[in-house]
Amino acid sequence: EAQVTQNPRYLITVTGKKLTVTCSQNMNHEYMSWYRQDPGLGLRQIYYSMNVEVTDKGDVPEGYKVSRKEKRNFPLILESPSPNQTSLYFCASSPEVSGAGNEQFFGPGTRLTVL
Amino acid sequence: QKEVEQNSGPLSVPEGAIASLNCTYSDRGSQSFFWYRQYSGKSPELIMSIYSNGDKEDGRFTAQLNKASQYVSLLIRDSQPSDSATYLCAGFQGAQKLVFGQGTRLTINP
């Protein structure tokens, strides 16, 4: 089954404790992206990647890191989480880098709480 | 000005009627637009994409794009209670960055 998977789905952690949220897609998609969704603010892009070893900042990259060592995986790293990073996180992938083919497919989401 | 703007609603429509959702965008260079549906607690699901001026129909859904006026709309005909969700409009800023509106919450009343 073609899908985007994220792990963990739920995470409660404490301020400053490094964490990684994994994202994997089995569709051989070029483009992958991370979003956070907060009430009243909608979906905001954190980072995106156009291919292996090619990543770029979205609108809200502060406090996050990403890597794209393999085409299928795009982990999101929070080196020192803070309470303002409490949010619902979505990973997405699409077959094309831009334009008409960039119809993004979303993972199930990771609800993160930082105490 | 937000890059992609939607009325957050809530929009309430009786069952069987036409629901009309609107979105405006600021980047005149944007070429590709998408409508996503998101149920509470779930991930966004793509329902329509549109790249050219005019209308695009898919079942009960019609997307409309007017580049001169910089707006995108989604019409849902014969609305069903299962259409109750938040609808997200998205467009590209530049070549690679997808920007979402805040979403419009739609409720279909039986």
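Taken together, the values in this text are just the output of simple stated rules run on the coordinates, not laboratory data. Since the model is a prediction, treat every value here as computed from it, not as a measurement. When we count neighbours, we look across all protein chains shown, and the Cβ atoms used for this are built from the backbone with ideal geometry, even at glycine.
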Q) With θ set to phi - 60° and the Karplus curve 6.51 cos²θ - 1.76 cosθ + 1.60, what are the ³J(HN,Hα) couplings of the stretch B:87-94 in order, to the nearest whole Hz, using x for Gly and Pro? A) 10, 10, 9, 9, x, 7, 9, x
Q: Pull up all non-local amide H partners of residue B:17: gap of 5 or more, or a different chain, and H-to-H distance under 5 Å with H placed in the peptide plane.
A: B:79
(Q) Just to check I understand the Karplus step: with θ = phi - 60° and J = 6.51 cos²θ - 1.76 cosθ + 1.60, what whole-Hz values come out for the stretch B:100-110, glycine and proline as x? (A) 9, x, 6, x, 10, 7, 10, 10, 9, 8, x
**Q.** Highest-MSF residue in chain B out of B:31, B:70, B:96 [GNM, Cα springs under 10 Å]
**A.** B:96
Q: Could you check the simple spin-label distance between residue B:57 and residue A:79, using points 7 Å along Cα→Cβ, in nm with one decimal?
A: 5.5
